[in-house]
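J.: This is the structure I have questions about; it appears just below.
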Amino acid sequence: MRQCRDHRSSQILRIITLCGSVFVLILLMPFLLLSNATAEPAANDTANGARAAWLEKEWRKLGSVGSANNQTLDKKNRFTCRETMDYAVECAQSYPDRAEKMIELTRSMQDLDPSSKTFGNFAWYSDQDKPGDLNAAEFVMQHALILWHKERNSLSDRARKMLRDMMKDASVGIVNHKVDVSYTNIYLMKCWNQIGLGEALDQDDLAQTGYLDFDRWIAYTKANGIHEFISPTYYGTDLDSLALIRKFARSDDAQQKAKASLLYFWKDIAANWFAPDGRLSGAHSRDYDYLTGHGYLDDHLREAGWIDNTKPSPQVIAREAQQWDPPPVIQRLFPVPRFVQQRFGPNPSHRNTNYIAEHFAIGCAGSAIGPEDKVLTINFAGGPKQPMLNYFMDGRGDPYGQIKQSTGASGHDKAHHLTPFVASQQIGSSVLFLSSFDPQLQKKDHARVLYSHLDLPADIRLWSDRNEILADSRLDWRKPIFLRYKDVVVAIQVLIATTDSDEMAPLAYSRDGAQISAARLTWTHAEGEPRGRATFAALIQASEHVNDDDFMRLVGKFKEVTHTKVSFNKDHVKIVATVSDTSKPLVLEADLQQPVQLGIDEFDQPYPFVVNGQAIKM
């Protein structure tokens, strides 16, 4: 009987406790709802305030200009045709008079001479009197079409007619703009522009050409991969164009192909994603950020919820039109550790590999295709602002890629490095890498000096053999170098480092990048203009979960079990390296005179995108 009373008492107590919890929850609910309700408006208020400030800042810059072709504008105060059209898109709804002014200003930068080879295209900069960078028509029309689709009813009749006339003339410039299918971001932009302009202007032939070109790009990519691979800048531009086709093309078939292409890009991003740093890892094509590897893609990553460390773009209208969020499952599609193999063109050397672990990612490319590529990188888990390890050959004396110079006919300011011959092989977290520059073969590169830089995070710890290096020093590169960051160790055995006169290139460790959180290892191949070929080769192996006791054992083990055989003469090199944790030796052989890598291993799969042995198809 007493047990029954105790049981009933216990039940009553639980009911009272439960009722009390519910009562407290009811009392707190308004405050909880209020806190959630006020958080989002606060964030929106901040974003709206930033957008309003941007609109006024741009108007102060652009609103007082009478027309372009103003040769008195200095370089600091000049503006671009992209800026004027971008501003027209963003201000059309609230300030249609400003939008009209921007359309007129953009129109004044358009080549309207019917006899000109660049008729319909645009001068990129306001102080240029004719088109130089023919990509201008693509960028301007991409946003002109957003203005047409989203905001043309906000414009005055005069502004709308001016916009249509501009689009009609630009369609000629775009047709005459020859773009190779391997020029990924501009080719996709041209596909969309032809489709969008053709359908807006009732030019069916132009639209059909755009659809056929889009099919051609899909066929090329299925066979060869994305040529401008893993680019933190131009992947964002690619996603823009594909989203516009997906949203605004009249063809249902093209919309579905655009969706499949968007998913393919996002799977590529996910496969090469290094979560601790919130950025792409591996070798990169066309990366303007030497140190941290960020770019315009960050806008898409933020909108998709992958990162939260960047500010929203003030260009709300354009971003809404170009935004396409991937399914959330894609971010978790590929577990670690994983090994990514990709191709980026039809040449056997057009390939890149990437090994992503918990706390590091190491990747390399089989060739360098341009002066903005990263051909060998390692990411450590130090967050999005930590510099990555990045190898490049420098012909300007710019070890951290911070000095921009005017480039080519476009006049764009960029920090370009050299484009040497590159060869590599990677098995798991081990890389055999070679870079060679010959001024007689790479004549387009005008090297005033010649260095190999290995940029590093400033907070890395560095050992030469068993001795930690704490200050700027000259080092003997024949001894193994070890880098430590938390539980990650990178072992580097340099195998070849020659000057342009076939002497041993000196190596220096320098911490002169402290203000940008960077340090470097630099091999000097030539202190002046190089007169002959210079070559660099190294074996690199990364490991994680290494504590202090394990580190010294790893140093000894690396020296004991790593065996290399190097055959190197003027025109030929062959390296065979046996390391631990690989199923077979790493082999790299190259003819430096051709130059070409010999005996390249093919993928096990006939597809250009493979993760842990599984083909990822479009």
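J.: In this structure, is LEU201 of a type in the set (A, V, I, L, M, F, W, C), crowded, with 17+ Cβ neighbours inside 10 Å and touching a helix residue (DSSP H, G or I) at 6+ places or on another chain (Cβ under 9 Å)?
T.: No, not satisfied.
J.: Follow-up question, since we're still on this one. Out of PHE551, PHE558, report the one residue that is of a type outside the set (Val, Ile, Thr), modelled with pLDDT under 95 and open to solvent by less than 30 Å² (accessible area, probe 1.4 Å).
T.: Result of the check over PHE551, PHE558: PHE558.
J.: Let me spell it out: the conditions are (1) under 23 Å from the mean Cα position of the chain (by Cα); (2) in a helix (DSSP H, G or I), and VAL179 meets all of them except one. Which number is the exception?
T.: It is condition (2) that VAL179 fails.
J.: Let me ask you something else. Within the range 380-387, can one find any residue that is under 21 Å from GLU228 (Cβ atoms), crowded, with 23+ Cβ neighbours inside 10 Å and in contact (Cβ under 8 Å) with a residue 60 or more places away in the chain?
T.: Among the residues of the range 380-387, not one is under 21 Å from GLU228 (Cβ atoms), crowded, with 23+ Cβ neighbours inside 10 Å and in contact (Cβ under 8 Å) with a residue 60 or more places away in the chain, which makes the answer no.
J.: Working carefully through the options ASP445, ASP465, ASP472, find the one that is within 24 Å of the chain's Cα centre (by Cα), among the charged types (D, E, K, R) and open to solvent by 20 Å² or more (accessible area, probe 1.4 Å).
T.: Among ASP445, ASP465, ASP472, only ASP445 is within 24 Å of the chain's Cα centre (by Cα), among the charged types (D, E, K, R) and open to solvent by 20 Å² or more (accessible area, probe 1.4 Å).
J.: For the condition among the hydroxyl-bearing types (Ser, Thr, Tyr) and touching a Ser or Thr at 6+ places or on another chain (Cβ under 9 Å), what is the one hit in SER182, SER108, SER115?
T.: Sole residue among the options that is among the hydroxyl-bearing types (Ser, Thr, Tyr) and touching a Ser or Thr at 6+ places or on another chain (Cβ under 9 Å): SER108.
J.: Give ILE460, ILE481, ILE427 a once-over and let me know the one that is open to solvent by 30 Å² or more (accessible area, probe 1.4 Å) and among the aliphatic types (A, V, I, L, M).
T.: That would be ILE427, the only listed residue that is open to solvent by 30 Å² or more (accessible area, probe 1.4 Å) and among the aliphatic types (A, V, I, L, M).
J.: Check the range 67-86 and report whether any residue there is assigned to a helix (DSSP H, G or I), at pLDDT below 95 and of a type outside the set (D, E, K, R). Spell out the reasoning first.
T.: First, the residues of the range 67-86 that are assigned to a helix (DSSP H, G or I): 81-86.
Next, from what is left, pick out any that are at pLDDT below 95: none.
Checking the range 67-86: not a single residue is assigned to a helix (DSSP H, G or I), at pLDDT below 95 and of a type outside the set (D, E, K, R).
J.: Only one residue in PHE609, PHE568 is of a type in the set (Phe, Trp, Tyr) and closer than 30 Å to GLN440 by Cα. Which one? I'd like the intermediate steps shown before the answer.
T.: Details: PHE609 fails: closer than 30 Å to GLN440 by Cα.
PHE568 is the lone residue from the list that is of a type in the set (Phe, Trp, Tyr) and closer than 30 Å to GLN440 by Cα.
J.: Would you please name the residue that is farthest from LEU263 (Cα to Cα), looking only at residues in the range 210-252 that are within 12 Å of the chain's Cα centre (by Cα), polar (S, T, N, Q) and assigned to a loop (DSSP other than H, G, I, E, B)?
T.: Selected residue: THR233.
J.: Scanning for something under 23 Å from LEU297 (Cα atoms), in contact with a Ser or Thr (Cβ under 9 Å, 6 or more places away or on another chain) and touching a residue at least 12 places away in the same chain (Cβ under 8 Å), does the range 195-217 turn up at least one residue?
T.: Yes, the range 195-217 contains at least one residue that is under 23 Å from LEU297 (Cα atoms), in contact with a Ser or Thr (Cβ under 9 Å, 6 or more places away or on another chain) and touching a residue at least 12 places away in the same chain (Cβ under 8 Å).
J.: I've got another one for you. Among what's in the range 488-512 and is in a strand (DSSP E or B) and among the charged types (D, E, K, R), pick the residue that is least open to solvent (accessible area, probe 1.4 Å).
T.: Within the range 488-512, the subset in a strand (DSSP E or B) is 488-498, 504, 507-512.
With the extra rule that they be among the charged types (D, E, K, R), the set shrinks to 511-512.
Details: ARG511: 112, ASP512: 89 Å².
Going through the qualifying residues, I end up with ASP512.
J.: For the subset of the range 253-269 comprising residues that are crowded, with 19+ Cβ neighbours inside 10 Å and among the hydrophobic types (A, V, I, L, M, F, W, C), which member is farthest from the chain's Cα centre (by Cα)?
T.: Ranking the qualifying residues of the range 253-269, first place goes to ALA254.
J.: Against the definition (closer than 16 Å to ILE427 by Cα and free of Cβ contacts under 8 Å to residues at least 24 places away in the same chain), how does HIS572 come out, yes or no?
T.: On the way: closer than 16 Å to ILE427 by Cα: no; free of Cβ contacts under 8 Å to residues at least 24 places away in the same chain: yes.
Against the criterion (closer than 16 Å to ILE427 by Cα and free of Cβ contacts under 8 Å to residues at least 24 places away in the same chain), HIS572 does not qualify.
J.: Also, quick follow-up: Does the range 364-387 hold any residues that are touching a strand residue (DSSP E or B) at 6+ places or on another chain (Cβ under 8 Å) and among the β-branched types (Val, Ile, Thr), and which are they?
T.: Listed by number, the residues that qualify are VAL375, THR377, ILE378.
J.: Here is a follow-up. When you scan the range 333-379, how many residues do you find that are within 16 Å of the chain's Cα centre (by Cα) and either surrounded by fewer than 21 Cβ atoms within 10 Å (Cβ to Cβ) or assigned to a loop (DSSP other than H, G, I, E, B) (or both)?
T.: Number satisfying all stated conditions: 8.
J.: Quick check on this structure: which one of ASP438, ASP445 is farther than 30 Å from PHE360 by Cβ, out of contact with any Asp or Glu (no Cβ under 6 Å at 6 or more places or on another chain), at pLDDT 95 or above and not hydrophobic (A, V, I, L, M, F, W, C)?
T.: It is ASP438.
J.: Now for a separate question. Would you confirm, using the coordinates I've provided, whether GLU104 is in contact with a Leu (Cβ under 8 Å, 6 or more places away or on another chain) and among the acidic types (Asp, Glu)?
T.: Criteria not met by GLU104.
J.: Follow-up. Kindly check whether there is at least one residue in the range 128-151 that is open to solvent by less than 10 Å² (accessible area, probe 1.4 Å) and either in a strand (DSSP E or B) or of a type in the set (Ser, Thr, Tyr) (or both).
T.: The answer is no; no qualifying residue exists.
J.: Please state which of the following conditions LYS574 fails to meet, knowing it meets all the rest: (1) open to solvent by 60 Å² or more (accessible area, probe 1.4 Å); (2) within 12 Å of LEU432 (Cβ to Cβ); (3) of a type outside the set (Asp, Glu); (4) in a loop (DSSP other than H, G, I, E, B).
T.: With (1) open to solvent by 60 Å² or more (accessible area, probe 1.4 Å); (2) within 12 Å of LEU432 (Cβ to Cβ); (3) of a type outside the set (Asp, Glu); (4) in a loop (DSSP other than H, G, I, E, B) applied to LYS574, the lone miss is (4).
J.: Let me ask you something else. With the structure loaded, tell me whether LYS584 is assigned to a loop (DSSP other than H, G, I, E, B), farther than 29 Å from PHE339 by Cβ, at pLDDT below 95 and not aromatic (Phe, Trp, Tyr) or whether it fails that test.
T.: no
The values are calculated or read from the model by the stated rules, or taken from the named source; none is laboratory data. Predicted model only: the values in this text are computed from it and were never measured. Here the Cβ is made from the backbone with ideal geometry for all residues, glycine too, and neighbour counts use every protein chain on show. Protein only, heavy atoms only, side chains kept; ligands, DNA and RNA dropped before computing areas. Shrake-Rupley method; radii C 1.70, N 1.55, O 1.52, S 1.80 Å.
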